[in-house]
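The values are calculated or read from the model by the stated rules, or taken from the named source; none is laboratory data. Since this is a predicted model, take the numbers as computed values, not measurements. Here the Cβ is made from the backbone with ideal geometry for all residues, glycine too, and neighbour counts use every protein chain on show. Each accessible area value is taken on the protein alone, full model and side chains, heavy atoms only, with ligands, DNA and RNA left out. Shrake-Rupley method; radii C 1.70, N 1.55, O 1.52, S 1.80 Å.
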Amino acid sequence: MKRRTIFMTVIAILIILTASIMIAVIDNVSSEVDVEKPSPATNGAYFVYSYTSKLRCKSFPSNSIYKNETLKHGDLYINGRMYINITGSSAVFHSYLCNSTGTIIANRTFSEPLNGTVFTAMFPEENHINTGSIVIFGNNVIAIKGMYTTCPSSHYVVNYGKKQVQYIPYIGKIESLTDVIQDYNYSLFNYANFIQSRGYSILSSISIPGNSSIAAMIQDNIGIKTSWFTMKLDRTNVGITAINYISYIEKYTIVYAVIWIIGIGYLISIKVKKKR
């Protein structure tokens, strides 16, 4: 009877220790996110996005900022970074554009209200992000397919300064595409990921293998056809609600294993001593 009591006590201690570590990990992550801005529409919220585009030179108007940047093969790759700052009831967008050598060829700053075209495309209200929902992204339509949990959690990381938060996104497919370049006309290239926050969602990444009016507005190239536009979120100070806690708990798998090995080892040693 005494041996059974010891066995049950040790197992209970092991379970309590393991659960305590898991709860502490969850609480620590939640505390970090809670100090951030509650939603994309909050004063002081900011976002940093990086993007790339493949442009077709045949669509360049004579006054285009790209007309002298054309590559020999007739196509132009550009990349850029966009900073978004929320001030009061407005969103300020500042976009830098670089050519294939990394030289800044243009930059654009513009602002719009929180119900403006670019803001609502990138940060739709939360009730628009559910399985079967439709999100309007300029001249493109994004059909939300549901929560996307089949890829490793490391694929979905948002930076908060030096810290990283792993999250569970909603995945969407681009349903309406114009001027699609055939080399990229596959479902693999037609996607958009959104993160959940309070009251709004946040565009995490997007790939549009065709013309995009939002891409044109961001890059200040209205009238130029973008044959492939990709963009991803690099950093924000806005808290998210769909955090992948399992990914954090799994990081301590070795600790759990050591605790149980020590505990089971102790029980085995007691049994050996009893037999002697």
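Taking amide H positions as modeled 1.01 Å from N, with prolines and chain starts lacking one, no residue 5 or more places away or on another chain lies under 5 Å from Phe60.
At a probe radius of 1.4 angstrom, the accessible area of the chain per residue rounds to 52 square angstrom.
Each residue, Asp34 and Val141, gets one label point 7 Å from its Cα in the Cβ direction; the gap between the two is 4.2 nm.
Relative to the longest principal axis of the Cα atoms of the chain, the long axis of helix 2-34 lies at roughly 20 degrees. When Rg and Dmax are taken over the Cα atoms of the chain, they come to 25.0, 94 Å.
Placing +1 on the Cβ of every Lys and Arg and -1 on the Cβ of every Asp and Glu, with no other charges, gives the stretch 232-275 a dipole of roughly 420 debye about its Cα centre. In the chain, the portion of solvent-accessible area held by carbon and sulfur atoms comes to 57 percent [1.4 Å probe, whole percent, DNA, RNA and ligands not counted].
Using Cα atoms only, what is the angle between the long axis of helix 253-275 and the major principal axis of the chain, expressed in degrees (0 to 90) to the nearest 10? That works out to roughly 10 degrees. Using a cutoff of 8 angstrom between alpha carbon atoms and counting only pairs six or more residues apart, the relative contact order for the chain works out to 22 percent.
At the residue level, Arg108 shows approximately 60 square angstrom of accessible surface with a 1.4 angstrom probe and all protein chains present.
Under 37 °C and 0.692 mPa s, how fast does the stretch 232-275 diffuse according to Stokes-Einstein, given a Kirkwood radius computed over C-alpha pairs? Answer in µm²/s, whole number.
Details: Rh = 14.1 Å.
Reported coefficient: 232 µm²/s.
Between Asn237 and Asn79, the distance separating the two model label sites (each 7 Å from Cα on the Cα→Cβ line) works out to 2.7 nm. When the chain is described by a simple charge dipole with +1 on each Lys and Arg Cβ and -1 on each Asp and Glu Cβ, the residue from Val255, Ala215, Phe93 located farthest towards its positive end is Val255. If I stretch the segment between Ser50 and Tyr245 completely, what's the gain in nm (0.36 nm per residue apart, minus their alpha carbon distance), one decimal? Full extension of this stretch gives 67.6 nm more.
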